[in-house]
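The values are calculated or read from the model by the stated rules, or taken from the named source; none is laboratory data. Keep in mind the model is a prediction, meaning the values are calculated, not measured. We place every Cβ from the backbone using ideal geometry, glycine too, and count neighbours over all the protein chains shown.
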Amino acid sequence: MEKHGAQRHRILALLKERGGLTRENAAAVSRETGIPEADVFGAGAFYELLSHPDVDRRVCQGLSCQLAGASEIEGMGVSCLGQCDRAPVAIGKDLHVVHYGRARGGITPDDPSLPMNLGGEDRADYAALHKARALGTDGVIAELKASGLQGRGGAGFPAHLKWASVASQPETERYVVCNADEGEPGTFKDREVMLRRPHLLVEGLAIAAEAVGAKTLFVYVRGEFPEERASFEQALDAASEHVGHLDWRLIDGHGAYICGEETALIESIEGRRGMPRHKPPYPTVAGLWGKPTLMNNVETLACVPDIVLRGGQRFRDLGRTEAGTKLYCISGHVQEPGVYELPLGITLTELVEAAGGYLGTPRAFSPGGASSGFLPMSFADTPLDFGTLGKLGSMLGSAGVVVLDDSVDMAEAARWQAVFYEDESCGQCAPCRLGTQLVRKALDTYLVSGDPADLGHIDDVAWEMEEGSICGLGMIAALPLQTARKHFPEDFGPR
Ligand SMILES: Cc1cc2nc3c(=O)[nH]c(=O)nc-3n(C[C@H](O)[C@H](O)[C@H](O)COP(=O)(O)O)c2cc1C
Ligand code: SF4
């Protein structure tokens, strides 16, 4: 039981301010907040960036960095840093990126007809916010419905349903949360929105808050994105005449991928270990401190000003197989890795064309981050959208596309993804905690023995993980191995 007046939600920020988790810092934060020292320690130890305060260099172990030779760089390993277009990369103690590969990647050319137009100027007239006020809650939600906007954080849930649910709750203390914790390996689009078009995000958030009746907004920014956070803060300051009446809180992530999951993110804002909650209740009904909470991804929110200003139907019509444009990230074996805004439903062939063509001979691709598994090139002309990929047992997820050439051993690629899930499982469900270890160990053993029997139990393990996990991480953590085995059986035979 917490003491009355204890300030649990401050413990992670205070630990960060003091330089990370040490015995002394835990004791000091405990005194300052009234939270027992053991609790401060327990929460802090969950977070990678807090629990190893002395590490000078962390080298990214993500798929694209591995493809670019990350294993040859010295330093402590860390999960994907969201810099796949510059692979291989590391971060220093100040969390700024050290890149060994190339400069920041390609981007769609300036085109004002695009809702996001990452290549263009960041307008700051807040005309959409003013129009939204005239439309009122019902009018804004009607435009969102007409737009067909699906959440861009991974699940593709219709945005208007969430907004309508929060706006209709009897409880009037409501919150808006922006999920800027972008951590899915292969994904780095929210990073570009925050850097290049921060006003679009500020405006989208303000429209959301006013539409659902929230006064306080939380923006949970990935800890390894200090530049992006600064860019957003600068835009917020500059926009104070338009949005200064709202209460804006910027929260730092501390290096835990699972905090991108909405209920884990809520736990983290409240100052706990980022462990997903059981759903229902959904955050729209009972989220932050039990209050109705609208949580959307950065890209979802950044679509909103265009939808309000130029109309939902226009946004919808920009899509091909599904509504709107989409920020596709592409990295790995292509000429110009980067973020490209294209009609939702384009194919890999078209995306790679935008990215300057393949490097080498392509063999496989991962269409939507680690969680989407692998597909062979026979799917290069399949629409990259939520519905089509879902039917194939894969997913569009956050559209972090990674291309692998014919030099890649798919068993090794599956092992890189397995290491990621083992490291990032929060550990609260046994099937996920143990299953992620078993998958990685089975691949380690097979890669040494060359005996396919070492992978014989994996179908059963995968079934247990899918059926017995609370959240999406455990449910799909065996997918990279399962899909690699299905589509590339020649890499899983006797060797
Ligand atoms: C393991 C896991 C990690 C996730 N990571 C992110 C993330 O980094 N960013 C994000 O916006 N959504 C992430 N999500 C999805 C969120 O739970 C949530 O659906 C999303 O933020 C809602 O916003 P949207 O409706 O705008 O997509 C993740 C989900 C899971 C299961
Ligand atoms: S499935 Fe894995 S990551 Fe998700 S709650 Fe369970 S243990 Fe945590």
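Condition check: within 16 Å of ligand 1 (Cβ to nearest atom), modelled with pLDDT under 95 and assigned to a loop (DSSP other than H, G, I, E, B). Does Gly255 satisfy that? Don't jump to the end; show me each part of the working.
Details: within 16 Å of ligand 1 (Cβ to nearest atom): yes; modelled with pLDDT under 95: yes; assigned to a loop (DSSP other than H, G, I, E, B): yes.
Answer is yes for this residue.
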Requested in this report: Test Val439 against the stated conditions and say whether it is closer than 25 Å to Gly332 by Cα and assigned to a helix (DSSP H, G or I).
Outcome: yes
Query - Only one of Ala155, Ala208, Ala180 that is within 16 Å of ligand 2 (Cβ to nearest atom) and among the aliphatic types (A, V, I, L, M) - result: Ala155
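Residue by residue through region 205-215, note down the ones that are on the phi < 0 side of the Ramachandran plot and either of a type in the set (S, T, N, Q) or over 18 Å from the mean Cα position of the chain (by Cα) (or both). Give the derivation first.
Let us first name the residues in region 205-215 that are on the phi < 0 side of the Ramachandran plot, namely 205-212, 214-215.
Result: Ala206, Ile207, Ala208, Ala209, Glu210, Ala211, Val212, Ala214, Lys215.
Being basic (Lys, Arg) and either surrounded by fewer than 24 Cβ atoms within 10 Å (Cβ to Cβ) or under 16 Å from Phe188 (Cα atoms) (or both) is the filter here, so list the residues in region 45-92 that pass it. I'd like the intermediate steps shown before the answer.
Quick first cut of region 45-92, residues basic (Lys, Arg) only: 57-58, 86.
Passing the criteria: Arg57, Arg86.
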Query - Residue count for region 367-408, restricted to those that are in contact with a helix residue (DSSP H, G or I) (Cβ under 9 Å, 6 or more places away or on another chain), surrounded by fewer than 24 Cβ atoms within 10 Å (Cβ to Cβ) and part of a helix (DSSP H, G or I) - result: 4
Query raised in the report: Cys426: of a type outside the set (D, E, K, R), within 14 Å of ligand 1 (Cβ to nearest atom), not in a helix (DSSP H, G or I) and not assigned by TED's automatic domain parsing to the domain that holds Tyr282, yes or no?
Result: yes
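Just for region 142-188: of the residues that are of a type in the set (S, T, N, Q) and in contact (Cβ under 8 Å) with a residue 12 or more places away in the chain, which one is farthest from ligand 1 (Cβ to nearest atom)? Give the derivation first.
Taking region 142-188 first, the residues of a type in the set (S, T, N, Q) are 147, 150, 165, 168-169, 172, 179, 187.
Narrowing further to those that are in contact (Cβ under 8 Å) with a residue 12 or more places away in the chain: 147, 150, 165, 169, 172, 179, 187.
Working: Ser147: 13, Gln150: 8, Ser165: 12, Gln169: 17, Thr172: 23, Asn179: 4, Thr187: 7 Å.
This residue is Thr172.
Is at least one residue of region 51-58 on the phi > 0 side of the Ramachandran plot, at pLDDT below 95 and within 21 Å of the chain's Cα centre (by Cα)?
The answer is no; no qualifying residue exists.
Going by the conditions given, is Asp247 under 29 Å from Pro170 (Cβ atoms) and either within 16 Å of ligand 2 (Cβ to nearest atom) or in the same structural domain as Pro198 (by TED's automatic domain parsing) (or both)?
yes
Can you say whether Ser231 is away from ligand 2 (no atom under 16 Å from the Cβ) and free of Cβ contacts under 8 Å to residues at least 24 places away in the same chain, as far as the supplied structure shows?
Numbers: away from ligand 2 (no atom under 16 Å from the Cβ): yes; free of Cβ contacts under 8 Å to residues at least 24 places away in the same chain: no.
No.
Any idea which of Thr263, Thr187, Thr216 is among the polar types (S, T, N, Q), touching a helix residue (DSSP H, G or I) at 6+ places or on another chain (Cβ under 9 Å) and closer than 29 Å to Ser30 by Cα? Walk me through how you get there before you give the answer.
Numbers: Thr263 fails: touching a helix residue (DSSP H, G or I) at 6+ places or on another chain (Cβ under 9 Å); Thr187 fails: closer than 29 Å to Ser30 by Cα.
Unique residue meeting the criteria: Thr216.
With a cut-off of at least 1 residues that are farther than 23 Å from Val202 by Cα and among the hydrophobic types (A, V, I, L, M, F, W, C), name the strands (runs of 3 or more DSSP E) lying wholly within region 267-359. Walk me through it before giving the result.
Details: elements: 293-297, 325-332, 338-343.
In region 267-359, the matching strands (runs of 3 or more DSSP E) lie at 325-332.
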Requested in this report: With a cut-off of at least 1 residues that are in contact with a Cys (Cβ under 7 Å, 6 or more places away or on another chain) and touching a residue at least 24 places away in the same chain (Cβ under 8 Å), name the helices (runs of 4 or more DSSP H) lying wholly within region 1-92.
Outcome: 63-67
Requested in this report: Answer yes or no as to whether Ala370 is within 16 Å of ligand 1 (Cβ to nearest atom) and modelled with pLDDT under 95.
Outcome: yes
Report summary line: Picking from Leu294, Leu265, Leu301, the residue that is within 30 Å of Glu422 (Cβ to Cβ) and either at pLDDT below 95 or crowded, with 24+ Cβ neighbours inside 10 Å (or both) would be Leu265
